[in-house]
Every structure is written in structure tokens, then in C-alpha cells.
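Student: The following block contains the structure, expressed as C-alpha cells.
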Amino acid sequence: MTMNRPGRTVKAALLLAAVALPASLLTTPTTASAAGSLSMLGADVSTAQRALDLGAKYYDASGTAKDPLDILKGLGVNYVRLRVWNSPASGYNNKAKVLAYAKQVKAKGLKLLVDFHYSDTWADPGKQYKPAAWASHGITQLQTDVYNYTYDVCNSLKSQGTTPDSVQIGNEINVGMLWDDGKVVNNDFTNLSLLLKSGYNATKACNSGTKVIIHTANSDSDAHARWFYDGIKAKGVSWDVTGLSYYCPWHGTLANMGSVVSDMKSRYGKDVVIAETAYPFTSANADGTSNSITSGCSGYPLSWQGQADNFTAVQNTARSSGAIGVFYWEPTWYAVTGNGWDPADITNSGNGWDNMAIFNWTGQVNPNIKWTP
């Protein structure tokens, strides 16, 4: 199945069975947090910096123009996720841009999750392009690349007083990253495990307290999720938090997502977060770029109320299944001319997410939506 997102073609991995592992690898450590609350109430606002640079306005429920971070904080957000691309043509979101915006995030009293794509553009289950600077590098050099780059970004953030609270080593790496060298082929996780270890070790060398998240879009089934996380565990990969994407039109029912979250927590003894979720408030389109999602899920109309109710249900399901966090993906990305999806043509490309943001096409926030512990 092929699914379109803004500039992201996501191909569901056709993984038919979990890898069989010895019982010794399936014991459950006691490192996961107790169930009962969401401590990571998150929003990925990676496109907000560009929107603000272009003069976009954001309005709270009373119609007052405010900094979008202040609006989100007022709705319950305590954690901001920012993606970092190595050398995107537009500059957004390279290291320098992330460093600049991280200062604003931390100044608001918000925590910071840095999402390493290890690419110059979108990385997701259907594509994991190497950055141009690493294009000719083999697996040995790529291990050094990942270590040095991860450490450099983390340490630069630390040096300016904005140490990341969490990092993702890769983005939706269902079948690996830095393809083809780091791609999982024929159930062989060797190369991917080497890259993940480099990223983990670099993060801990920078700051031992920064949590390392390994993120896939495998909330669709226990079999897919177990195949991946069993595979990296068998190779000795360490991580702190298991991250999953959940979009109900793509990944199935809430009950199914809850089952996967619960299974991941019990199987590996690690905290679990929904690293991405979102829901449309309309099927209409604000610009010339087709919307990535045009249909909803049963019980949730495409309206502001439906969007809010779906997000509440995702949070409730994640919480009751033992997750510690939920991140809304790009709630601030309404249609602003010049803030397109394509880093190679950001000025002229459009936005396939304008119906998924929690701000409408004139920057008014959905008055019904909130993040709850």
C-alpha cells in the first residue's frame, strides 16, 4: 500500500511474521514507567519557524494573535519536537535553524525532542535517502558520520543551554535508514544496528540524561512492530523509548493501536510514545497541493469537533495502554504561501497538511482541542 503525505511517499512494509527469537531475549526489564498519565504532551512544529519568518499569524480561541508556542502551551503542550535535516536546500530545518528555534522552545519552558532524519529531505518508511555529503559512504564511514553528526548537533544545543531532553535516531525507520547500506534486507538487521548504536552512543556521550527514541510507523500490528524491535534487540541495540506513528486512516483502529502499545511496553520493558498523530478537520484543500489525507475514521467527522475528539481518543487510548506521551504532527502547518513541503523548492511547493493542522487557513486555532496528562 502506498500512502501520500506532504512530500512523503510511505510504503507499508510487507512483513509477514515476527522474527523468532530465543526466550532469553524476550524477558522484560523493569524500566518502563508506571501506567496512568501522559508526561510527554507533544507537538512537532518543525514548519512553524518558516511560517513565522514569512509573517504568518496564529490566533488563540479568543482571536488574539500570539506566538504559536504560547498557544500550544496554553492547550497543554509541554514538549516540542523539531526535525533536523543535514543540508536541506531551503535551510529549513538544518542545524542552524534548529539551534535558533530551540532557544525559543526552551525559553517557553518547553522540553525538546530532536528528530534526526539523517537526510537532506523527508525520511519515512518508503524512502531513507542519504544526505548528499554521505552519498558515497559505505557502512563503516556511515557509522562515523552518524556518530559525529549526532554528537555535533546535540553538543551544539547543549553548549547554548538548550540540551535536548530526547532525540530520535532516525525517523519512521520501519526497514532501516541511510539506504541502501542501512536498509534491512532479508531480515538482516546488522548494518542498521551499527548505525543505531552510533547514534545512541553519540547522544549519551553528549548528555547521558537525554532519552533515545527509536521510531517506526509500526502501530498497525504487533507482528510488524515485533519484527523490527526484536530484530534490533537481537543485535544488541540499546534505546530508552519506543516511538510509534499512529494515523487512523493508515494504521487501523484505536483498539489495535492500544494493543500494539501495550505489547511493546510489556515485551521490551521500555516507555512508549506515539511520536506522530493527526486528524483532518476538513476534506477541503487550501492550496494547489493535494491533501495527504482526505478521509477520516468511523465516529469522527471531518470537523473541528471531530478532530478534537479523535485526538482526545488517541491520547486516552495511548494512556490506558501504558504510553507516556503523544505528539501531534505539525499542528501549526496551515497553508502559508512559501512554506511548502519540498525543501528543494520551499517557496513554490504547497502544503498537503493544511487540513490536518489545528489552525484553520487564516490561523485560528481549533477551540476544542487540548493535550491532557
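Student: What is the residue count in the range 42-70 for residues that are among the aliphatic types (A, V, I, L, M) and open to solvent by 10 Å² or more (accessible area, probe 1.4 Å)?
Tutor: The qualifying residues number 5.
Student: Open to solvent by less than 30 Å² (accessible area, probe 1.4 Å), without any contact (Cβ under 8 Å) to a residue 60 or more places away in the chain and acidic (Asp, Glu): is that true of ASP263 in this structure?
Tutor: Yes, satisfied.
Student: State the number of residues belonging to the range 234-250 that are closer than 16 Å to ARG267 by Cα, buried (at least 20 other Cβ atoms within 10 Å of the Cβ) and not aliphatic (A, V, I, L, M).
Tutor: Of the residues in the range 234-250, 3 are closer than 16 Å to ARG267 by Cα, buried (at least 20 other Cβ atoms within 10 Å of the Cβ) and not aliphatic (A, V, I, L, M).
Student: Determine whether ASP152 is farther than 16 Å from LYS97 by Cβ, among the acidic types (Asp, Glu) and in a helix (DSSP H, G or I).
Tutor: Numbers: farther than 16 Å from LYS97 by Cβ: no; among the acidic types (Asp, Glu): yes; in a helix (DSSP H, G or I): yes.
For ASP152, the condition - farther than 16 Å from LYS97 by Cβ, among the acidic types (Asp, Glu) and in a helix (DSSP H, G or I) - is not met.
Student: Between a residue in the range 175-192 that is within 14 Å of TRP227 (Cβ to Cβ) and any residue that is of a type in the set (S, T, N, Q) and open to solvent by less than 10 Å² (accessible area, probe 1.4 Å), which pairs come within a Cβ distance under 7 Å, given they are 6 or more apart or on different chains?
Tutor: These pairs meet every condition: GLY176/GLN128.
Student: Still on this structure, please answer the following. Just to be sure I understand the filter: pairs with C-beta atoms under 8 Å, separated by 6 or more residues or on different chains, first member in the range 116-139 and under 18 Å from SER198 (Cβ atoms) and open to solvent by less than 30 Å² (accessible area, probe 1.4 Å), second member among the hydroxyl-bearing types (Ser, Thr, Tyr) and outside any loop (DSSP other than H, G, I, E, B). Which pairs pass?
Tutor: PHE116/TYR149; PHE116/THR150; TYR118/TYR149
Student: Shifting gears a bit: Filter the range 140-172 for residues that are touching a His at 6+ places or on another chain (Cβ under 7 Å) and either more than 14 Å from ASN201 (Cα to Cα) or surrounded by 21 or more Cβ atoms within 10 Å (Cβ to Cβ) (or both) and give the result.
Tutor: GLN168, GLY170, ASN171, GLU172
Student: What pairs can you find where one residue is in the range 312-326 and among the β-branched types (Val, Ile, Thr), the other is in a helix (DSSP H, G or I), and their Cβ atoms are less than 7 Å apart, with a gap of 6+ or different chains?
Tutor: Final answer for the pair search is VAL314/LEU254; THR317/LEU254; THR317/MET257; THR317/GLY258; VAL326/VAL314; VAL326/GLN315; VAL326/ALA318.
Student: Just wondering, is there one or more residues in the range 87-109 that are surrounded by fewer than 20 Cβ atoms within 10 Å (Cβ to Cβ), of a type in the set (Lys, Arg) and farther than 22 Å from MET40 by Cα?
Tutor: Yes: the range 87-109 contains one or more residues that are surrounded by fewer than 20 Cβ atoms within 10 Å (Cβ to Cβ), of a type in the set (Lys, Arg) and farther than 22 Å from MET40 by Cα.
Student: So LEU113 passes all but one of these: (1) open to solvent by 10 Å² or more (accessible area, probe 1.4 Å); (2) closer than 21 Å to ASN201 by Cβ; (3) not in a helix (DSSP H, G or I). Which condition number does it fail?
Tutor: Failed condition: (1).
Student: Still on this structure: Scanning the range 326-373 for residues that are among the aromatic types (Phe, Trp, Tyr) and part of a loop (DSSP other than H, G, I, E, B), which turns out surrounded by the fewest Cβ atoms within 10 Å (Cβ to Cβ)?
Tutor: Looking at the filtered set, the residue picked out is TRP361.
Student: Separate question: Would you mention how many residues in the range 266-292 are open to solvent by less than 10 Å² (accessible area, probe 1.4 Å) and closer than 30 Å to ASP188 by Cα?
Tutor: Qualifying residue count for the region: 8.
Student: Within the group GLY76, GLY36, which residue is farther than 26 Å from TRP122 by Cβ, open to solvent by less than 40 Å² (accessible area, probe 1.4 Å) and in contact (Cβ under 8 Å) with a residue 12 or more places away in the chain?
Tutor: That would be GLY76, the only listed residue that is farther than 26 Å from TRP122 by Cβ, open to solvent by less than 40 Å² (accessible area, probe 1.4 Å) and in contact (Cβ under 8 Å) with a residue 12 or more places away in the chain.
Student: Still on this structure: Is at least one residue of the range 162-173 free of Cβ contacts under 8 Å to residues at least 40 places away in the same chain and out of contact with any Lys or Arg (no Cβ under 6 Å at 6 or more places or on another chain)?
Tutor: No, there is no match, as no residue in the range 162-173 is free of Cβ contacts under 8 Å to residues at least 40 places away in the same chain and out of contact with any Lys or Arg (no Cβ under 6 Å at 6 or more places or on another chain).
Student: Going by what's in this entry, would LEU254 be described as open to solvent by less than 10 Å² (accessible area, probe 1.4 Å) and either among the aliphatic types (A, V, I, L, M) or free of Cβ contacts under 8 Å to residues at least 60 places away in the same chain (or both)?
Tutor: So LEU254 does not fit the description; no.
Student: I need a count of the residues in the range 94-107 that are touching a residue at least 40 places away in the same chain (Cβ under 8 Å) and under 19 Å from ASP67 (Cα atoms). So that I can check it myself, show each step before the final result.
Tutor: Let us first name the residues in the range 94-107 that are touching a residue at least 40 places away in the same chain (Cβ under 8 Å), namely 95, 97-103, 105-106.
Next, from what is left, pick out any that are under 19 Å from ASP67 (Cα atoms): 97-103, 105-106.
Going through the range 94-107 one residue at a time, the tally reaches 9.
Student: Taking the range 269-297, which residues are under 18 Å from the mean Cα position of the chain (by Cα) and among the hydroxyl-bearing types (Ser, Thr, Tyr)?
Tutor: Within the range 269-297, THR277, TYR279, SER292 meet the criteria.
Student: Of all residues in the range 175-222, which are open to solvent by 10 Å² or more (accessible area, probe 1.4 Å) and in a loop (DSSP other than H, G, I, E, B)?
Tutor: VAL175, TRP179, ASP180, ASP181, VAL184, ASN186, ASN187, ASN207, SER208, GLY209, ASP220, SER221, listed by residue number.
The values are calculated or read from the model by the stated rules, or taken from the named source; none is laboratory data. All figures in this text were calculated on a predicted structure; none of them were measured in a lab. Here the Cβ is made from the backbone with ideal geometry for all residues, glycine too, and neighbour counts use every protein chain on show. Keep in mind that these areas ignore ligands, DNA and RNA; they rest on the heavy atoms of the full protein, side chains included. Shrake-Rupley method; radii C 1.70, N 1.55, O 1.52, S 1.80 Å.
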